[in-house]
Amino acid sequence: MKKQIKGMLVIAMMLTAGCSSKSAVKSTESSEPQASYTPVTSETSPLPTGRTGYGFDKWQTGPLGDVFFDFDSSALSSDAEEQLRQNAAWLNSNAAKKVLVEGHCDSRGTSEYNLALGERRAGSAKEFIVKLGVAPSRLEVVSFGAERPFDLGQNEDAWAKNRRAHFVIKVPKVAK
């Protein structure tokens, strides 16, 4: 009887864990303590439009621009590489700053697939910036898959906005 209860409990736990829709995949290459992060915003700066640079809402302002990807791809376009060069230049001139690179996907595909694709996207952005001289220990990678879309629409224009690597400047916690 006890074995049956334990078996059912294990199955229930596996089902619950497997159904989580708020999951994220993180990878870091340092053993440093993790700092919390807050988006750096500027309410007064105008928001550029298009598929490069800063995104599409008030949270997307700041010194680092996002890069966008084609469907089912983590390959960097020439526009993405140019934006990453600008991001690397800012990071190289602000050596004390650390950044979280978030990988995002559109709503098509399974959660597991999108989490893996989001991690590849964030990883390819990080790898390119590291080749430009930014220390890997300053860049943390996380994937949100399709869980944090910019645009909730179900068309190509909306999906294109959601296929991105988003850059968030990490702000260290202040001790109380």
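Output the number of residues of region 88-97 satisfying the condition of being assigned to a loop (DSSP other than H, G, I, E, B) and hydrophobic (A, V, I, L, M, F, W, C). Summing the residues that are assigned to a loop (DSSP other than H, G, I, E, B) and hydrophobic (A, V, I, L, M, F, W, C) in region 88-97 gives 2. The single condition from (1) of a type outside the set (Val, Ile, Thr); (2) part of a helix (DSSP H, G or I); (3) surrounded by fewer than 23 Cβ atoms within 10 Å (Cβ to Cβ) that Ser73 fails is (2). When the criteria are applied in full, Leu100 meets the requirement of being within 17 Å of Val168 (Cβ to Cβ) and not in a helix (DSSP H, G or I).
Determine if region 92-101 includes at least one residue that is surrounded by fewer than 14 Cβ atoms within 10 Å (Cβ to Cβ), on the phi > 0 side of the Ramachandran plot and of a type outside the set (D, E, K, R). No; the residues of region 92-101 include none that is surrounded by fewer than 14 Cβ atoms within 10 Å (Cβ to Cβ), on the phi > 0 side of the Ramachandran plot and of a type outside the set (D, E, K, R). In the set (1) surrounded by 20 or more Cβ atoms within 10 Å (Cβ to Cβ); (2) in a helix (DSSP H, G or I), the condition left unmet by Ala160 is number (1). Screening Ser143 on (1) in contact with a helix residue (DSSP H, G or I) (Cβ under 6 Å, 6 or more places away or on another chain); (2) assigned to a helix (DSSP H, G or I); (3) not hydrophobic (A, V, I, L, M, F, W, C) shows it passes everything except condition (2). Filtered by the rule that a residue be in contact (Cβ under 8 Å) with a residue 60 or more places away in the chain, within 19 Å of Val171 (Cα to Cα) and either surrounded by 22 or more Cβ atoms within 10 Å (Cβ to Cβ) or of a type in the set (A, V, I, L, M, F, W, C) (or both), region 105-142 gives Glu140, Val141, Val142. Take Arg138 and decide whether it is touching an Asp or Glu at 6+ places or on another chain (Cβ under 7 Å), among the charged types (D, E, K, R) and modelled with pLDDT of 95 or more. Against the criterion (touching an Asp or Glu at 6+ places or on another chain (Cβ under 7 Å), among the charged types (D, E, K, R) and modelled with pLDDT of 95 or more), Arg138 does not qualify.
Whether a residue is touching a helix residue (DSSP H, G or I) at 6+ places or on another chain (Cβ under 7 Å), part of a helix (DSSP H, G or I) and under 15 Å from Gly65 (Cα atoms) was assessed, and Ala125 passes this test.
The values are calculated or read from the model by the stated rules, or taken from the named source; none is laboratory data. Keep in mind that this is a model prediction, so the values were computed, not measured. All Cβ positions, glycine included, derive from the backbone under ideal geometry; neighbour counts span all protein chains shown.
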